[in-house]
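Input: a single structure, listed below in structure tokens.
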Amino acid sequence: MSETTIHELKSLLFSLIRCNTVNPPGNSREAIDLIAEYLKNTPADIKIIEAWDDKNKTYMYNLIAEYSTGSGKTLIFNGHHDVVPPGANWSYDPFKPVEENGWIIGRGASDMKGGIAAMVYAFKHLCENPDFKGKLVLSIVADEEIDSSAGTRYLLEKGLLKGDYAIVGESTGLNIVTARKGVIWVKIKTLGVAAHGSKPHLGVNAIEKMAKIIERLSKLRWSIRHPRLGKPTMNFGIIRGGTSINTVADECELLIDMRAIPGQKIEDIKKRICGEIEKIRLKDKDLKYEIELIDVFPPYEIDRKHKLVKIARKTVKEITGKTPKLLAKPGSSDVVFLAEKGIASIDLGPTGRNAHGANEAVNFESVAKLSEIYIKVAKRILK
């Protein structure tokens, strides 16, 4: 990379970090306008798409830029511009990036403005030097840090984002993520009968009923196992119930975070949980409950011999001198929604540290190498 290119890429990354895109509340227009301005002199078709976010009662903004050289396959570069709140204990202003020993420090540097900078630069370079056949799509999206409902999911559901292949720029240390656990958020509500606390026998205590459910589900075991991700997990994340200390609770609510592995079906998971609760009901006719899946991020896996994986792995090795690892991650990313739509997808991003923590940072050399990797992968997959 020339000094001019390095300066351009670093300047872009610094400008992105300066944009306060904390979610919530989801301030996203500044970053989108910045990228649109950066790309305005390219031959790409650039669209800014607003999506109403009912959680924050505001519009969030996404950018889709497309450039086609004619018939052929479509490759999507996907990255989210929203970041989590900065929190405490920073050594610097989280929105005034600082370079220190080759690391760029600032909120979102790792998660994931480093990846965005690399793909935006790569997209611009490819549009200006179109040595590929097919279509290249850049999707810079909002809302990944919450549930992607005003970002990638919205664009996919509306048919605004389509392709054959996708690369998501989450920080991976220039390794390739080929599998992720899914996320199923379950809400269970038990329904009791209120009564005075001095006469609990006249009521039905919803908290006591929920305690039975928690005890039962905590012993739940799954026979299915993934060779790299292990077994499914279940976490009781939130419980709330009752109205006052001297009243028999007539409602209790439990929120469960369930992590599913590739091969599991969401319907089967819900059916299994309901089956366990029904076993309690056989002995306790007063148990009344409701169950709801409040959100689902499907499990994801791509064949490690897939064309996209092989090309990406070969390219990373050529540019870095190291064979990248093929990783399986327990957490989710927008890759799962792209894959769900039949788009062959991977996570491939820079080397970061302290994502979501104080003094979050990204290694700039990895960002520079990543932009080269993206350019070469695009040329190889679209030919």
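What follows is calculated from the coordinates using simple rules that are stated; it is not laboratory data. Bear in mind the structure is a predicted one, so any value in this text is a computation, not a measurement. A quick note on method: Cβ atoms are made from the backbone with ideal geometry, for glycine too, and the neighbour counts reach across all protein chains shown.
Things to note:
- For the chain, with +1 on Lys and Arg beta carbons and -1 on Asp and Glu, the positive-most of Ile214, Pro200, Thr74 along the dipole: Ile214
- Proximal aspartates and glutamates to Lys209, defined as alpha-carbon separation beneath 14 angstrom and excluding residues fewer than eight positions away on the same chain: Asp250, Glu251, Glu253, Glu276, Glu278, Asp284, Asp286, Glu290
- Placing a pseudo-label 7 Å from each Cα along the Cα-to-Cβ vector at Thr247 and Lys288 gives an inter-label distance of 1.7 nm.
- Estimated from helices alone, the mean residue ellipticity of the chain at 222 nm is -9500 deg cm²/dmol (sum of -39500 (n - 2.57) over DSSP H runs with n ≥ 4, per residue).
- Whether the chain is rounded, prolate or oblate, judged on the alpha carbon gyration tensor where a/c under 1.5 counts as rounded: prolate
- Across the chain, the mean sequence separation of Cα contacts (distance under 8 Å, 6 or more residues apart), normalised by length, yields a relative contact order of 24 percent.
- Summary of packing: across the peptides 55-64, 331-340, the per-residue average of other C-beta atoms within 10 Å ranks them, highest first, as 331-340, 55-64.
- Each Lys and Arg adds +1 at its Cβ and each Asp and Glu adds -1 at its Cβ; summed about the Cα centre, the range 182-297 shows a dipole of about 560 debye.
- In plain terms, the chain from His201 to Leu255 could stretch by 16.7 nm, reckoned as 0.36 nm per residue minus the Cα-Cα distance.
- The range 182-297 shape via C-alpha gyration tensor axes, a/c threshold 1.5: prolate
- Prolate/oblate/rounded label for the range 1-141 (Cα gyration tensor, a/c 1.5): oblate
- Relative to the longest principal axis of the Cα atoms of the chain, the long axis of helix 307-320 makes an angle of roughly 60 degrees.
- Farthest toward positive dipole pole in the chain [+1 Lys/Arg, -1 Asp/Glu at C-beta], among Leu254, His226, Ile32: His226
- Mean shadow area of the range 1-71, taken as a quarter of the surface of its Cα convex hull (nm²): 6.5
- Greater than 19 Å apart at Cα, pairs in Lys189/Lys271; Lys10/Lys162; Lys135/Lys376; Lys181/Lys369; Lys181/Lys310; Lys189/Lys279: Lys10/Lys162; Lys181/Lys369; Lys181/Lys310
- Taken as Cα centroids, the range 212-246 and the range 142-158 sit 27 Å apart, rounded to the nearest whole angstrom.
- Calculated FRET efficiency, Ser223 to Asp33, Cβ-Cβ distance, R0 = 41 Å: about 0.20 to the nearest 0.05.
- Gained length - Asp131 relative to Glu157, 0.36 nm times residue gap less alpha-carbon distance: 6.3 nm
- A crude spin-label estimate for the pair Ser11 and Leu327, with each label 7 Å from Cα along the Cβ direction, gives 3.1 nm.
- Normalised by the number of residues in the range 182-297, the mean separation of alpha-carbon contacts (under 8 Å, six or more apart) gives a relative contact order of 44 percent.
- Size of charge dipole - the chain - debye, nearest 20, with Cβ of Lys, Arg +1 and Asp, Glu -1, no other charges: 1800
- Rounded to 10°, Cα long-axis angle of helix 29-39 versus longest principal axis of the chain: 30
- Residue with peak Gaussian network fluctuation, the chain [Cα springs, cutoff 10 Å], from Trp222, Trp90, Trp52: Trp222
- Label-zone membership for the range 102-145, site Lys96, 7 angstrom Cα→C-beta point, backbone N under 15 Å: 105-107
- Helix axis angle, 364-381 relative to the chain longest principal axis, alpha carbon, degrees: 80
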